[in-house]
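Shown next, in structure tokens, is the structure this report addresses.
The values are calculated or read from the model by the stated rules, or taken from the named source; none is laboratory data. Quantities reported herein were computed from a predicted structural model and do not represent experimental measurements. No Cβ is skipped: glycine too gets one built from the backbone with ideal geometry, and neighbour counts run over all protein chains shown. Areas reflect the complete protein model, heavy atoms only, side chains present, ligands, DNA and RNA absent. Shrake-Rupley method; radii C 1.70, N 1.55, O 1.52, S 1.80 Å.
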Amino acid sequence: MKITVLGGAGDMGSRAVRDLGKSEEVTELVIADINIAAAKKLADVLGEKVKAVYIDANRPETLISAMQGKDVVASAMGPFYKFEKVAVEAAISSNVNYVSICDDYDAAESILTLDEKAKNANLSILTGLGWTPGISNILARKGADELDEVEEINIYWAGSASDATGLAVTLHTIHIFTGKVTSFIDGKKIEIPAGSGKEKVEFLEPLGFVDMYHLGHPEPVTLPLYLEGVKTVTLKGGLKESYLNKLAIVISRLGLTNTPSKKQFVGNVIKTVLPILEKIQKPAVPLSGIRVDVKGYLNGKRQHLVYQAVDHMSNLTGVPLAIGAMMIARGEITRKGVFAPEAAVNPDRFIKELAERNIKVVQTKGVS
């Protein structure tokens with residue numbers, strides 16, 4: 001099989017590339033990145049079947065050139081609020097299946113409008129198969145499948161600034177702390193202020209308790225579309241370094257991130273000063289976590305299921321992208337159109353693939 005990874009030289013994309021490069025099923029692997037030097041360096045390490053090509057998402061023709069003739073394209077090309085729709089349109093134009101780690105709710109909403117176009121082209125366009133969204137959606141689906149009736153899904157993610165260094169991650173964090181974001185409460189899609197609803201949530205050790213806030217992610221947008229009967233889907237997240245959460249909230253409320261150009265400027269500043277801040281403030285353990293609480297009924301009894309995983313952000317994000325690309329290329333994901341992971345990915349099969357790569361999902365029962 002032939003696969004192209006957009007943004008394949010970055011923090012998350014390179015992890016997917018390394019995973020795909022190990023597979024004997026992959027006969028051709030293209031690292032497509034604007035940082036062609038880094039892409040070539042990685043390709044040289046991984047062997048003859050891997051090559052590097054230059055792309056620039058502001059020039060869609062370069063994306064199409066990198067995609068043509070492939071079985072599937074995997075995208076780690078963020079920030080997705082700028083580039084997801086561009087990449088999906090290029091994939092449809094190239095007549096190639098697509099999977100991404102898109103983690104911006106507005107980007108996910110924008111490409112759902114391309115569902116019919118993708119179906120007419122007989123293509124699978126799977127958006128948001130990374131850490132969150134991705135693992136989070138699949139764990140939500142697993143919990144829903146184990147219950148007779150699912151009412152509420154609460155998703156929490158905890159990260160560390162020391163667990164990722166890429167500019168795209170910084171820009172995404174700024175974006176999801178800005179303005180109003182989508183949530184799904186009591187059967188209705190609503191807009192609530194980003195950075196509101198502070199809550200202290202416990203994750204697996206060594207993360208422990210982390211402050212959580214309502215943030216902009218795709219799960220409240222997509223899960224109600226595919227999980228019948230669910231009345232509430234919330235997404236909260238936060239960095240283990242609590243001062244950075246507070247900084248993001250203040251910057252947003254001062255109006256310093258309300259345009260793409262402002263986000264880019266602030267992102268560059270934060271990326272520059274972050275090493276200095278880490279010297280002043282003790283950095284958190286460089287790990288990230290996901291927690292998914294699924295509430296509903298089984299045999300008439302109230303149930304509260306909890307699923308968690310902790311690992312490095314690159315593993316939690318890049319490995320699912322690689323798994324998804326392989327599943328599509330093998331024909332294990334057959335749905336056509338534009339869809340999210342919970343619509344088409346078998347949870348048990350996916351969790352087994354994670355375990356084979358030493359990413360362990362832990363299931364417990366919560367207190368309702």
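Using a 7 Å offset from the Cα along the Cα-to-Cβ direction at both Gln363 and Asn299, what is the distance between the two label points in nm, to one decimal?
Placing both labels 7 Å along Cα→Cβ, they lie 1.5 nm apart.
Count the net charge of all other residues whose Cβ sits under 13 Å from the Cβ of Ile351, scoring Lys and Arg as +1 and Asp and Glu as -1.
+1
Can you bin every Cα-Cα distance in the chain into 10 Å intervals starting at zero and give me the percent of pairs per bin, rounded to whole numbers?
5, 26, 36, 25, 8, 1
Give the separation of the Cα centroids, the stretch 134-165 to the stretch 318-368, in Å.
One Cα centre to the other: 12 Å.
Nearest 0.05, what FRET efficiency do Asn58 and Ser93 give at R0 = 22 Å with Cβ-Cβ as r?
0.85
Read phi for every residue in the stretch 345-361 and hand back ³J(HN,Hα) as whole Hz from Karplus 6.51 cos²θ - 1.76 cosθ + 1.60, θ = phi - 60°, with x for Gly and Pro.
Rounded to whole hertz, the list is 9, 5, x, 5, 5, 5, 4, 5, 5, 4, 4, 5, 10, 6, 9, 9, 9.
Just order 99-110, 333-344, 130-141 by mean Cβ neighbour count inside 10 Å, highest at the front, would you?
Per-residue Cβ counts within 10 Å, averaged per peptide and sorted highest first, yield 130-141, 99-110, 333-344.
Assuming a ≥ b ≥ c are the square roots of the Cα gyration tensor eigenvalues, decide whether the stretch 294-356 counts as rounded (a/c under 1.5), prolate (otherwise, with a/b larger than b/c) or oblate.
In terms of gyration-tensor shape, oblate.
Return the ratio Rg/(2.2 N^0.38 Å) for the stretch 1-62, where Rg is computed over Cα atoms only.
So the stretch 1-62 has a normalised radius of gyration of 1.01.
I want the local charge near Ala309. Using Cβ-Cβ distances under 9 Å, sum +1 for each Lys or Arg and -1 for each Asp or Glu among the other residues.
After counting each charged neighbour, the total is +1.
Convex hull volume of the Cα atoms in the stretch 96-234, per residue, in Å³?
Spread over its residues, the Cα hull of the stretch 96-234 gives 132 Å³ apiece.
Once every DSSP H run of n ≥ 4 in the chain is given -39500 (n - 2.57) and the sum is divided by its residues, what mean residue ellipticity at 222 nm do you get, rounded to the nearest 500 deg cm²/dmol?
So the calculated ellipticity at 222 nm is -12500 deg cm²/dmol.
List the GluC sites (Glu not before Pro) within the stretch 156-261 that DSSP assigns to loop and that have no more than 12 neighbouring Cβ atoms inside 10 Å.
Glu228
What net charge is computed for the residues neighbouring Val294, neighbours being all others with C-beta under 13 Å from the C-beta of Val294, Lys and Arg scored +1, Asp and Glu -1?
Value of the local net charge: -2.
Which percent, nearest 5, of DSSP beta bridges in the chain are antiparallel?
55
At 0.36 nm per residue, minus the direct Cα-Cα distance, what do Ile192 and Glu228 gain on full extension? Give it in nm, one decimal, please.
10.6 nm
Starting from the Cα gyration tensor of the stretch 4-149, multiply each eigenvalue by 5, take the square root, and state the resulting semi-axes largest first in whole Å.
Calculated on Cα positions only, the semi-axes equal 25, 19, 14 Å.
Rounded to a whole number, what % of the accessible area of the chain do carbon and sulfur atoms account for, probe 1.4 Å?
Its accessible area is 52 percent carbon and sulfur atoms.
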